[in-house]
Amino acid sequence: MITVFGSVNMDLIATTVRLPQPGETVAGTGFATAAGGKGANQALAAQRAGSAVRMVSAVGKDGFAEPALALLREAGADLSGVKSVDEPTGTALILVGGDGENMIAVVPGANGTVTAQDADAAVAAMAADDILLLQMEVPADAVAQAFNAAKARGIRTLFNTAPLTDDAIRLAPFASILVSNETEFELLIGRKDLSAEARIEAMRNLHAETGQTLVVTLGADGVVALHDGTLLTSAGLKIEPVDTVGAGDTFCGYLAASLDQGLPFAASLRRAAVAGSLACLKPGAQPAIPLAAEVDAKI
């Protein structure tokens with residue numbers, strides 16, 4: 001089973017011909033709302049990938065709370081760990097340009113009320129062979145306590161270092177499996193403009209130092225990883241992206257679920273890469289997350 005300790009948001013999505021420059025106004029071509037939040041997105045991806053998932057988070061007592069949880073509820077995720085608080089449900093304001101690239105501003109709201117005590121309760125309910133999936137859209141002290149509690153019980157943790165903050169850099173060494181995109185990885189190690197060869201060298205050095213499994217997603221170029229001393233790469237699918245929102249979350253959820261289901265790491269990496277590619281073919285974060293049958297048919 002997978003426990004996801006993270007955010008639940010409602011996404012407010014505007015599409016434009018191109019993304020605006022700072023200070024510029026551009027005309028929108030469409031608007032939609034969709035359930036989101038990195039935690040909830042990854043939970044839904046893991047659930048759709050075929051694993052049992054428990055979501056631990058918080059939502060407000062407002063009109064966004066139920067639609068923000070609707071797809072998770074429909075998929076059969078355990079929502080008993082989602083508390084209802086007086087703060088508004090978290091929101092993400094998303095602009096999607098005509099090339100599929102995006103800009104996002106996240107307002108934490110209820111997600112900011114998730115506490116270290118919530119982390120203790122979440123981990124206490126887990127079994128030893130479960131996976132704890134974490135991101136950085138809830139308070140850092142709560143994430144830190146989740147790592148501490150998981151370590152005390154020997155529970156495997158998968159940490160997506162997004163959004164990349166100073167706290168994410170501080171907490172990264174505590175994860176069993178670390179997943180970053182190429183930009184986040186450079187910020188994580190304090191180096192810029194790495195070539196492919198330099199990136200692999202940096203990954204080898206970090207892996208030798210920490211022993212962690214390191215995963216760096218490379219967008220259209222797939223993913224590279226170091227696991228138990230072995231360098232692994234996997235390509236995604238060749239696609240024309242419609243919307244890249246949620247692709248990374250889909251990758252993380254599918255990677256966690258595939259490992260939870262006992263797949264070898266290389267096979268799990270490939271499955272996650274394919275799922276991330278398929279998530280780019282539809283607009284929105286959660287609505288675009290593919291089902292396991294769709295993913296497995298493309299492997």
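For Ala266, the conditions (1) within 21 Å of Ala288 (Cβ to Cβ); (2) in contact with a Leu (Cβ under 8 Å, 6 or more places away or on another chain) are fulfilled apart from (1).
Going through (1) more than 18 Å from the chain's Cα centre (by Cα); (2) free of Cβ contacts under 8 Å to residues at least 40 places away in the same chain; (3) in a strand (DSSP E or B) one by one, Glu87 falls short only on (3). Screening Phe5 with (1) within 16 Å of Gly81 (Cβ to Cβ); (2) loosely packed, with under 14 Cβ neighbours inside 10 Å gives one miss only, at (2).
In segment 137-162, which residue that is touching a residue at least 60 places away in the same chain (Cβ under 8 Å) and in a loop (DSSP other than H, G, I, E, B) is surrounded by the fewest Cβ atoms within 10 Å (Cβ to Cβ)? Out of the qualifying residues, it is Ala162.
Please enumerate the residues belonging to segment 117-135 that are closer than 15 Å to Thr3 by Cα and surrounded by fewer than 23 Cβ atoms within 10 Å (Cβ to Cβ). Answer for segment 117-135, where residues must be closer than 15 Å to Thr3 by Cα and surrounded by fewer than 23 Cβ atoms within 10 Å (Cβ to Cβ): Asp118, Asp120, Ala121, Ala124, Ala125, Met126, Ala127, Ala128, Asp129, Asp130.
Okay, residues lined up against (1) at pLDDT below 95; (2) farther than 22 Å from Met103 by Cβ; (3) part of a helix (DSSP H, G or I):
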residue	(1), (2), (3)
Ala198	no, yes, yes
Val216	no, yes, no
Thr233	no, yes, no
Val245	yes, no, no
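With respect to the conditions (1) free of Cβ contacts under 8 Å to residues at least 60 places away in the same chain; (2) part of a loop (DSSP other than H, G, I, E, B); (3) over 20 Å from Glu184 (Cα atoms), Glu294 falls short on a single one, namely (2). The set of residues from segment 60-84 being among the hydrophobic types (A, V, I, L, M, F, W, C), over 23 Å from Gln117 (Cβ atoms) and not in a loop (DSSP other than H, G, I, E, B) comprises Ala70, Leu71, Ala75. Scanning segment 163-184 for residues that are crowded, with 19+ Cβ neighbours inside 10 Å, of a type outside the set (Gly, Ala, Ser) and either out of contact with any helix residue (DSSP H, G or I) (no Cβ under 7 Å at 6 or more places or on another chain) or over 23 Å from Ala43 (Cα atoms) (or both) gives Ile177, Glu184.
The values are calculated or read from the model by the stated rules, or taken from the named source; none is laboratory data. This is a predicted model, so every value here is computed, not measured. Don't worry about glycine lacking a Cβ; one is built from the backbone with ideal geometry, like all the others, and counts go over all protein chains shown.
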